[in-house]
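Data first, discussion second: the structure below is written as structure tokens.
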Amino acid sequence: MVPGYWGGMEKRVLLIVGGGVAAYKALELVRLLRKANIAVRPILTASGAKFITPLSLAALAEDKVYTELFDLTAEAEMGHIQLSRSADLVVVAPATANLMARAAHGIADDLATTTLLATDKPVLMAPAMNVRMWEHPATQRNLKTLKGDGVRIVGPDEGAMACGEFGAGRLAEPQAIFDAIIAALQGDPAAPLAGKRALVTAGPTEEPLDPVRVITNRSSGRQGYGIAGALAMLGADVTLVSGPTALPTPAGVKRIDVVTAEEMYKASMEVARAGEVLDIGVFVAAVADWRPDEAFGVKLKKGHAGPPTITLVENKDILATIAGLKKRRPRLVVGFAAETNDVEAHARTKLARKGCDWIIANDVTEKGVMGGDENAVLLITAKSVERWERADKSLVSAKIAGRIAEALT
């Protein structure tokens with residue numbers, strides 16, 4: 001839990017779970033929301049209950065699960081009108097073709113659709129269905145209607161489906177839906193970063209010793225991916241240059257995959273020099289400082305001569321290079337400092353040495369930080385230092401994106 005992140009007020013989400021195999025992902029979404037101290041009140045449709053149980057949903061949400069429109073107890077205690085207005089945000093995940101169609105046409109024939117018709121709160125839908133259903137003109141008309149009504153949409157993703165087909169229609173990953181929820185809860189009707197270009201680097205790099213072995217680090221890429229997604233949710237045109245990770249691309253983000261520090265440098269410079277001048281550069285990637293001068297062409301074997309001698313050479317400095325650009329320097333350059341001791345002192349030195357505007361520093365010796373789900377950071381500028389309490393990396397990402405928006409608007 002992250003008590004107090006929302007200024008002492010617990011945010012509330014009303015989660016409508018539709019039918020379909022993807023309903024199981026709603027359980028992970030609830031876990032992410034509760035971990036972030038966001039209250040979840042679930043509505044489980046009759047079709048959704050074919051795939052997950054009210055008991056499992058209630059256990060994770062730590063709240064009652066609502067299923068029936070004509071439930072005398074529920075109506076006496078709360079009523080569907082109050083239920084529809086008791087949250088800060090209404091989320092539908094998965095949003096089936098049927099749910100989207102009924103919502104688009106104002107049909108209210110069960111608790112879920114009646115709630116959607118009665119709510120006066122923002123609505124976020126995460127569609128999930130067969131690719132043919134998603135591409136059908138009727139679904140696309142309904143999607144256009146829902147967007148016109150102000151409904152936010154996250155996903156769907158493209159990939160293999162339970163029905164054996166491949167294409168768009170997969171439910172967005174729980175982390176992507178969570179990120180969209182955080183952006184919606186921040187309250188961003190005007191998309192403050194609309195029209196802004198952003199470059200984000202994320203993940204580790206791998207420097208080959210031979211065809212099998214590499215020099216790398218424990219970075220998972222979660223913080224960088226979270227920031228890229230959060231900036232996109234605030235309207236920015238985001239390009240993510242990523243080292244090797246197993247993470248899905250955040251919604252609305254263009255991704256360039258690289259492996260080595262040299263490849264990341266070249267890709268980042270190409271983005272910085274292409275098109276309009278960058279507004280935002282956020283350099284989160286854990287880039288290798290050094291690489292072997294020469295990679296062996298075959299796998300190194302143990303031998304009587306002992307271990308090989310490996311000469312290291314310094315990699316190019318992506319952050320310092322882009323921060324030092326004269327004509328195409330981003331308006332705001334943010335660097336990251338993963339430290340193991342004297343965090344603030346080292347970060348201040350890095351801020352001056354690299355020429356960036358902000359340094360976001362953390363102590364990677366803390367359990368669960370590097371490669372984990374949480375982070376505790378310092379935001380350091382030339383004039384100030386802010387210490388942020390430990391929180392889920394998605395929440396840290398949203399807060400960083402919000403501060404970037406404040407700085408540029």
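Here, each number is a calculation from the coordinates, and none is a lab measurement. What you are looking at is a predicted structure, and each value in this text was computed from that prediction instead of being measured. All Cβ positions, even for glycine, are placed from backbone atoms using ideal geometry, and neighbour counts span all protein chains on display.
Couple of notes before you dig in:
- Gyration tensor over the Cα atoms of the range 102-145: the corresponding equivalent ellipsoid has semi-axes (square roots of 5 times the eigenvalues, largest first) of 21, 11, 10 Å.
- Ranked by the mean number of other Cβ atoms within 10 Å per residue, highest first, peptides 234-247, 328-341 order as 234-247, 328-341.
- Helix 393-408 axis, angle to the chain major axis (alpha carbon atoms, nearest 10°): 80
- Stokes-Einstein diffusion coefficient of the range 12-186, Kirkwood radius over Cα pairs, 25 °C, 0.890 mPa s, in µm²/s: 154
- With the simple spin-label model, which puts each label point 7 Å out from Cα in the Cβ direction, the D289 to A168 separation comes to 4.6 nm.
- Cross-link pairs beyond the 28 Å C-alpha cut-off, checked among K302/K367; K121/K399; K121/K383; K301/K367; K301/K350; K50/K254: K302/K367; K121/K383; K301/K367; K301/K350; K50/K254
- Principal-axis tilt of helix 174-186 within the chain, Cα atoms, nearest 10 degrees: 80
- Per DSSP, loop chymotrypsin sites (Phe, Trp or Tyr not before Pro) in the range 209-300 with at most 16 further Cβ within 10 Å: F296
- Against the chain, whose longest principal axis is taken from its Cα atoms, helix 25-35 shows a tilt of about 70°.
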